[in-house]
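What follows is calculated from the coordinates using simple rules that are stated; it is not laboratory data. All values reported here derive from a predicted model rather than from experimental measurement. Counting neighbours? That spans all protein chains shown, and the Cβs are built from the backbone with ideal geometry, glycine included.
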Amino acid sequence: MAGVLTLGQWLGGPDNVKVESTFPSSSRTYSYNFAQNITGWTFNLDAQTVVVNSIAYDRTGEPNFADSQIVGYFNSQQVSTSSYIAVVSAALGLVNVTHPPNLYTGGIIPDARANIPLLVMGLTWTQPAITNQPVQINTHRIAKILAWEPGVPPTNPILESGYHSLT
């Protein structure tokens with residue numbers, strides 16, 4: 001059995017997530033502008049690596065997940081909010097979120113067309129309740145297609161310790 005969920009089902013649809021290709025050792029900072037005062041808001045950053053059976057690419061090089069299925073996963077990880085989330089200006093609603101390197105440390109098949117690790121980062125923010133408005137909780141996800149690089153074991157991720165198969 002190939003998998004239980006399509007990638008779109010697991011991520012919540014193609015309009016809900018940004019997808020990019022990167023290396024496991026890469027780190028990047030994203031700037032969020034909430035365009036309102038965020039005093040009292042709380043933030044949470046977590047990560048989970050799933051393994052996708054295959055990824056097709058269209059003529060422009062954009063990933064097409066129409067036939068992709070998640071075949072397994074690694075346990076989720078909590079990322080330190082004090083180290084990787086910086087409120088630049090609460091009054092203006094400006095926040096910098098850094099995705100740290102090496103959240104996935106397992107093997108990757110070089111030039112993989114099968115069993116590709118996909119690191120999904122989730123930033124969740126919670127707005128406290130105010131008059132006539134309950135607590136608001138929202139999440140933004142970024143999926144990172146991980147590519148092999150020197151220093152990464154050239155092995156199949158489904159053979160790594162900690163891998164959980166969906167089949």
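Please compute the length gained on full extension between Leu92 and Thr124, using 0.36 nm multiplied by the number of residues separating them and subtracting their Cα-Cα distance. Let's see the in-between values first.
Values: separation 32, 0.36 × 32 = 11.52 nm, distance 1.85 nm.
That works out to 9.7 nm of additional length.
Between Tyr104, Asn53, Ala91, the Cα set farthest toward the positive side of the dipole of the chain (charges on each charged residue's Cβ, about the Cα centre) is that of Ala91. Shape analysis of the chain yields a ratio of the Cα radius of gyration to the Kirkwood radius, Rg/Rh, of 1.01. Each of Ile130, Gln69, Pro154 was scored by the projection of its Cα onto the charge dipole of the range 16-165, and the greatest displacement toward the positive side belongs to Ile130; charges sit on the C-beta of Lys, Arg, Asp and Glu. For the chain, a Gaussian network of Cα nodes joined below 10 Å ranks Val52, Val87, Val120 by mean-square fluctuation, and the top entry is Val87. Highest GNM mean-square fluctuation among Gln78, Gln48, Gln133, for the chain modelled with Cα contacts below 10 Å: Gln133. Only Lys, Arg, Asp and Glu carry charge here, each on its Cβ (+1 for the first two, -1 for the last two); on that basis the range 43-145 has a dipole of about 100 debye about its Cα centre. The string of couplings for the range 153-167 from the Karplus curve (6.51, -1.76, 1.60, θ = phi - 60°) is x, x, 10, 6, x, 6, 9, 7, 4, x, 6, 10, 7, 8, 9 Hz, one whole number per residue in order, with x for Gly and Pro.
Taking every DSSP helix (H) stretch of at least 4 residues in the chain, weighting each as -39,500 (n - 2.57) and dividing the sum by the residue count yields a mean residue ellipticity at 222 nm of -1000 deg cm²/dmol.
Between Arg113 and Arg141, 0.36 nm times their residue separation minus their Cα-Cα distance comes to what? Show your work: numbers first, answer last.
Working: separation 28, 0.36 × 28 = 10.08 nm, distance 2.33 nm.
Length gained between Arg113 and Arg141: 7.8 nm.
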